[in-house]
Structure formats: structure tokens, C-alpha cells
Amino acid sequence: MNIFKEKSGAWAFFGSIAVWGIASGCFMAALNNFLVDIYSITKIERGWLEFFRETPGLLLVFVLALLHKVSDWKIMRIGTIISMVGVAGLLVPADKMIVTMLIMVWSTGEHLVMPVRKSIAMNISIEGREGQSLGYLSSVQNIGTVAGNLIVALVFWCGLRAFPGIAHVVLYNTIWGVIIVLMIVSCVCTFSSNGPDMPSVRPRLYFHRDFSIYYLLELFYGARKQIFMTFAPFVLILNYGLTTSQIALMLGICAAVNIFAGPQIGKLTDKIGFRNMMIYDTVVLFFVCIMYGYAGIWFSAKVAVWVVCGNFLLDAVLSTTSLASSLYVRSIAGHHDKTTSTLTTGISINHLISICVAPLGGWIWQQFGVGTLFTIAAGMAIANSLCATLIPKKTNVQL
């Protein structure tokens, strides 16, 4: 706790994030298999669903513009409640269109929380420890994600053995019910007397030329991230036959590793600088993407599944290094509210490319194979690294 300011609401903040992580872990562990098992969704349909799921991220800059006087802590509560409404709707039988809309509602709340939790994490830390604070944010989220994935794995493992003929929809509805309870708890955790709940002074819309490199980084990061986030689990399910329990276990392992990797990556970033971290991690990511795309061709089926799972794990660890771009923004923003606004703009920019990549990625996979899809992701990783080299070695810009 010597990383954080006294009476900053750190305990309440991280408690809320931990419970949110459990709920999010449950949702993400169940979602892909839910879409396949209950709705028999295809590759193309999965790409289009992702287009709609990511649309709230594109519109985030406008949504937060409407909430420009609302504190970051209150936005966390609003986002949590919105996501809870979305997952509650999944309890009601519906067609693919309605399910897509409900996933968009969940996503809207999820995206609202994204920039403010990073901004709060940096704001509650003492000077010079922002990277470690973001690392602990990642770690706490992943502790929750591990628990969430274990819940999904246990529900399906125990449910199918105790009731062999049980319909899968009953098990999925059990997961949605658990998530609703968790979201209520997460919201309650944000009501802390130490949490700074004063009105915000964020600008309605914020776009500044001094953040041009950051905007480029978010553009390339959004494209690469979307390919991996959307299609990597689908590769494991469709090409290698992983079940709901196995996917949940895989995601749980990734989160468990990041519990320890997150703080260390944050500490390393504080030490070597955000510029170097952004350069080196995307170079490694290039090889991760290549192996993920071509393991099925280069190795036997038994070896390939282990190679792909290993690459899935490594990508999860590398995703933690995205905290470097938040530190870059913090270093030149000069004010907490400008940091939140700039991070929001960045999220909308990377979602601008994400919503295009999702349906296009499904078509590329269908027409040219998974290797071509992940070769494109590898190219985006290199582009991201080249953009990072444009960052001055000493960034002291004042707005």
C-alpha cells in the first residue's frame, strides 16, 4: 500500500475491480461457447457480432462527453449497472438479433469503465509509481478473472456430471445469474467515503495534436487486438475442439499468470520507460501472431494445439504491456481530467479500426485461411512498434 496515497479510496477501488473481474471472467469464458452451443454462430456471424459489440467503444468519446461533469467514480457505477442490465437480458430466450443487442448493452458498460479505471489507478498512486499502480490494476482484474473462469469451468463440469441430460442453456443461465449478483457487489464497493466524488472538469471532446503518436498507436493496437480477441478463442474451439470448460480453464491460466506478471510489467515499465516497453513487446508479438496462424501447418495436431495454447498465453501476458501507452498519455497530459479524456479518445480511435477489422477478419479467415488473418495481425504489431519509435526519448510536453 506504500504505492498509493493515503485515504485515496484504493481499497474500495480495487475491491470493486476484483469483483468486476470475476463477473467479466465468467462472461468472457462462457460467451464464445454460448454463441456456438445455443445459436450455432458461424465465423462470418461472429465477425459481425463483434462489429456491434465493439461499436460502443467507438462511440465512447461521445458518451463520456455527455457525462463530462460526472466524476470517474460515478461513471464506474453507471457502467457497472449498464453491463448488469445487458447480462440480465440474456436470461430471456431471444433470437440472434436481440442477443447481439444485449451483448452491445454489456459492452457499453464495460467500455465506460475502461478509461476511468486506468485514470483512477494512476490518480491514487504516489508520484513515480503510476506504472506499478496500473500493474496492480491488471493483477487484481486477473485475480477476478481467474475466479470467474473457475466458476464457469466448475458449473459446467459439475452440472454435466450431476445431471447428464441437463440442457446447456440452464448452465449458461446459471452463469448469467452469478454475474448479476457480482455486478451488484461491484457497484456497492464504489461507495467509499475516501473516493473523490467531486464533479469532473473534463472537456466534452478532447483531441490534441500533441497526442498524435498515441492516436496512431491506438489505431494499430486496435486492429491487432481485435483479431486476437475475436478469433483466437474461435481457433481453439473450431480448429482444435476445445470445450467450454477447457476454454474457461485456458482463460483462467492466462489470468493467473497475469496476477504476477502485471505488477512486474508495471514495475519494469517504470524502470525502462514506456517508450522501450512499447517497442519491445510488439516485436515479440509479431512472432506470437505468426506461430498462432501457422502452427496447424508446421506441426502435428497434438503439438500444434500446445503451441497455439502457449501463444494464447503469451499474448495474454503481452496485453498487460498496454499500460505503457496510458503512462505515455499521463506524462504529457498534465492533468487528471485530460488524462481520462485522452484515454477515452484513444479507446474510440482503436475501436474505429476494430469494428472494421471484426467482420473483415471473418471474411479473410473464410476465404484465405487463419494463417493469412494472423499474418495481418503480425503486420499490425510491427506497425505499432515503428510508431513507438517516434516517441521522443524524453517526453516533457506541457499542454
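In table form, for the structure just shown:
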| item | result |
| --- | --- |
| When residues of the range 367-399 are limited to those that are among the polar types (S, T, N, Q) and at pLDDT below 75, the one nearest to Arg275 (Cα to Cα) | Thr395 |
| Every residue from the range 232-283 that is surrounded by 22 or more Cβ atoms within 10 Å (Cβ to Cβ) and among the hydroxyl-bearing types (Ser, Thr, Tyr) | Thr244, Thr269, Thr282 |
| Inter-residue pairs, beta-carbon under 9 Å, first more than 24 Å from Asp72 (Cα to Cα) and in the range 98-111, second outside any helix (DSSP H, G or I), 6+ apart | Ile98/Val92; Val99/Leu90; Met101/Ala94; Leu102/Leu90; Leu102/Val92; Leu102/Ala94 |
| Verdict on Glu110 being in a helix (DSSP H, G or I) and either closer than 26 Å to Ile364 by Cα or at pLDDT below 75 (or both) | no |
| Residue count, the range 284-307 (criterion: polar (S, T, N, Q) and either open to solvent by less than 60 Å² (accessible area, probe 1.4 Å) or in contact (Cβ under 8 Å) with a residue 12 or more places away in the chain (or both)) | 0 |
| Test: residue in the range 197-205 that is surrounded by 15 or more Cβ atoms within 10 Å (Cβ to Cβ) and modelled with pLDDT of 75 or more | no |
| Residue within the range 259-280 that is within 24 Å of Gly369 (Cα to Cα) and out of contact with any strand residue (DSSP E or B) (no Cβ under 6 Å at 6 or more places or on another chain) present | no |
| Pair list, Cβ under 9 Å, 6 or more apart: the range 352-376 residue closer than 27 Å to Trp298 by Cβ, other residue modelled with pLDDT under 75 and outside any helix (DSSP H, G or I) | Gly362/Thr42; Gln366/Thr42 |
| The listed residue being open to solvent by 40 Å² or more (accessible area, probe 1.4 Å) and either farther than 19 Å from Ile175 by Cβ or of a type in the set (Ser, Thr, Tyr) (or both), out of Glu45, Glu50 | Glu45 |
| Residue within the range 316-324 that is assigned to a helix (DSSP H, G or I), open to solvent by 50 Å² or more (accessible area, probe 1.4 Å) and at pLDDT 75 or above present | no |
| Tabulated pairs, the range 160-175, first without any contact (Cβ under 8 Å) to a residue 24 or more places away in the chain, second in a helix (DSSP H, G or I) and β-branched (Val, Ile, Thr), C-beta under 8 angstrom, 6+ apart or interchain | Leu171/Val155; Thr174/Val155 |
| Matching residues in the range 74-97 - criterion: being open to solvent by less than 70 Å² (accessible area, probe 1.4 Å) and out of contact with any helix residue (DSSP H, G or I) (no Cβ under 7 Å at 6 or more places or on another chain) | Ala94 |
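The values are calculated or read from the model by the stated rules, or taken from the named source; none is laboratory data. Everything numeric in this text was worked out from a predicted model, so none of it was measured. Note that we place each Cβ from the backbone using ideal geometry, even for glycine, and neighbour counts take in every protein chain shown. What goes into the accessible areas is simple: the full protein's heavy atoms, side chains included, and nothing from ligands, DNA or RNA. Shrake-Rupley method; radii C 1.70, N 1.55, O 1.52, S 1.80 Å.
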